[in-house]
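Below is one structure, written out as structure tokens, with a few remarks after it.
The values are calculated or read from the model by the stated rules, or taken from the named source; none is laboratory data. It should be emphasised that the depicted structure is a prediction, and the values quoted were computed from it without experimental measurement. Heads up, the Cβs are rebuilt from the backbone with ideal geometry, glycines too, and the neighbour counts pull from every protein chain shown.
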Amino acid sequence: MLTKLEKAEKRWGGSHNLIDQWLNHRRKLLIQYFIVAGLAPYSRSEKSLPSMDQVKQFCAQLVDYVSEGHFEVYDNVVKACEKFGETSIETANALLPLISESTDTALDFNDKYTDASDEQVLYQLDNDLSHLAQAMESRFELEDQLLELLYQRLP
């Protein structure tokens, strides 16, 4: 996922403040994911789990990211697409429901771990993170299509 982010930053970085902000927040989310998942360069010992605080910090970052998309970024992209014609609007509007599918997965993950009263839930974390990563990777690909749509129409 980081490799794809780096490619996106090279392709679209610096072209628009909205794009830069979005990619920066995606990077922060991925770093938190790597920390919680114990992936390089944030590896943890084989038998250790992240703390509930670390998981809750990740959940907060996750909710911030998906919320920003739905309540700030996507609206701005759709508004920008209105200037570019009907085809751009149709494409953006077709992508948004597909992106929303991953929002449900992210919010379910958040609810499970922020509402947990027992740290035993952490034994399910690896499996849940794997499921979340698949959903978020699909989301990032769809978001990248929106970015490309916006980028192609920039002056």
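Observations on the structure shown:
- Taken over the range 106-155, the residue count meeting the criterion of being part of a helix (DSSP H, G or I), more than 23 Å from Val78 (Cβ to Cβ) and among the polar types (S, T, N, Q) is 7.
- Flag if Ser100 is out of contact with any strand residue (DSSP E or B) (no Cβ under 9 Å at 6 or more places or on another chain), modelled with pLDDT of 85 or more and assigned to a loop (DSSP other than H, G, I, E, B): no
- The lone exception for Glu46 - which of (1) surrounded by 13 or more Cβ atoms within 10 Å (Cβ to Cβ); (2) within 16 Å of Tyr123 (Cα to Cα); (3) at pLDDT below 85 it fails: (1)
- Considering residues of the range 1-38 that are surrounded by 16 or more Cβ atoms within 10 Å (Cβ to Cβ) and either assigned to a loop (DSSP other than H, G, I, E, B) or of a type in the set (Lys, Arg) (or both) only, the residue modelled with the highest pLDDT: Arg26
- Of all residues in the range 55-94, those satisfying the criterion of being surrounded by 15 or more Cβ atoms within 10 Å (Cβ to Cβ), farther than 19 Å from Trp22 by Cβ and either hydroxyl-bearing (Ser, Thr, Tyr) or out of contact with any Leu (no Cβ under 9 Å at 6 or more places or on another chain) (or both) are Lys56, Gln57, Cys59, Ile89.
- Unique residue being in contact (Cβ under 8 Å) with a residue 24 or more places away in the chain and under 11 Å from the mean Cα position of the chain (by Cα) when the list is Val63, Val55: Val63
- Single residue of Leu149, Leu122 found to be more than 22 Å from His70 (Cβ to Cβ) and buried (at least 16 other Cβ atoms within 10 Å of the Cβ): Leu122
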